[in-house]
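The values are calculated or read from the model by the stated rules, or taken from the named source; none is laboratory data. Keep in mind that what you see is a predicted model, and the values were worked out from it rather than measured. In this analysis, Cβ positions are derived from the backbone assuming ideal geometry, glycine residues included, and neighbour counts consider all displayed protein chains.
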Amino acid sequence: MEHFPWRAAALSGVGLGIATLSAGLVAPVIWALTGLVYWTWKRFHTGLKWPQLLFIVMIAAVSAGWYYAWLGWRGGLAGLRIQPYASAGNSFSLHWLAMVACFPVLAFALTWLQTARTRSIYLAQPAENRDMSWWMWAMFWTGLLVLSVMRAPLESASLLHLPLAYLAAVQVHRVVEGRLRLRPWNHALLLILGIGGGLMLALLPLAGKYHPELLPTCFRPDADWHIAEMAYGILYMIFTAVGAALVAKKRAQEGLMLLLFGGMLLITLAAVSFGDKVQLAPQGTAVETKK
């Protein structure tokens, strides 16, 4: 980080500008707070020079500013309303509870609890990877708190998937190489989260066919459900149980392949099958103009 390349700074600025266009002002807020947390965490040193930081802000302003300027020119500054998100009455705990659905990423990310204070050559990381882990932790906790305080919609939680996935991938790599041994509570958490998610997935078609009033409001009450669609959840539970058993039997690579790719395939197929049963709410934008 001491010789932060200007090309990387330019790409960072473009990424921040695109994030601002898609998410509104919450994007630069999370970016700034994440940097502040990391800066404090590392005892007021990041290796990033002030000219490079200003260059990132300038590129981001150019990438996103033209759109704000165009909207202001079309409707006048009085007609420009910037709304990062509408709270929609969400509770503060919504995004915290939604993390439970991040299976099996959450289960592996939580293994950091047992390695955070462990000093071992088997868990050592290169300096670049160690710094990246610090950044990901800062981004995850900052984003989680900001989205919770803003009562942001649940779909905005996808921003937290990036740092959570990176932290889980580091631990998965350690498990595959035999440098990290999962404890009984790790295996239990895999089973609880996976089987619980599969059970909910299997019960959706059952509830939709016989008790539509029990379904979440995002589903259409007149949707056509089939009992055969329970197979997605049943297979998900089977894949979870077999994958967790393989990991416990020291066959980590086969177990992780089944957990990760099997779950990804089944969730994708379920999303395609259930997609026509979802009623979409009117979507707003980060920047709205009065008509």
Of those in region 1-45 that are among the hydroxyl-bearing types (Ser, Thr, Tyr) and closer than 17 Å to residue 145 by Cβ, the residue modelled with the lowest pLDDT is 38
Tell me which of these residue 217 doesn't satisfy, since it passes every other one: (1) of a type outside the set (A, V, I, L, M); (2) closer than 28 Å to residue 91 by Cα; (3) modelled with pLDDT of 85 or more. (3)
Restricting attention to region 142-187, which residues are buried (at least 19 other Cβ atoms within 10 Å of the Cβ), closer than 30 Å to residue 241 by Cβ and among the β-branched types (Val, Ile, Thr)? 170, 172, 175
Being at pLDDT below 80 and not in a loop (DSSP other than H, G, I, E, B) is the filter; apply it to region 103-130 and report the residue that is farthest from residue 153 (Cα to Cα). 127
Among the residues of region 57-102 satisfying the criterion of being closer than 12 Å to residue 152 by Cα and among the aliphatic types (A, V, I, L, M), which is modelled with the highest pLDDT? 94
Residue by residue through region 197-227, note down the ones that are surrounded by fewer than 16 Cβ atoms within 10 Å (Cβ to Cβ), touching a residue at least 24 places away in the same chain (Cβ under 8 Å) and either under 30 Å from residue 112 (Cβ atoms) or basic (Lys, Arg) (or both). 199, 200, 220
Out of all the residues in region 195-223, which are of a type in the set (Phe, Trp, Tyr) and outside any strand (DSSP E or B)? 210
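Taking the options 183, 251, name whichever one is in contact (Cβ under 8 Å) with a residue 24 or more places away in the chain and among the basic types (Lys, Arg).
Values: 251 fails: in contact (Cβ under 8 Å) with a residue 24 or more places away in the chain.
It is 183.
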Give me the pairs: first residue in region 97-110 and surrounded by fewer than 22 Cβ atoms within 10 Å (Cβ to Cβ), second residue β-branched (Val, Ile, Thr), beta-carbon distance under 7 Å, and six or more apart or on different chains, which are they? 106/100
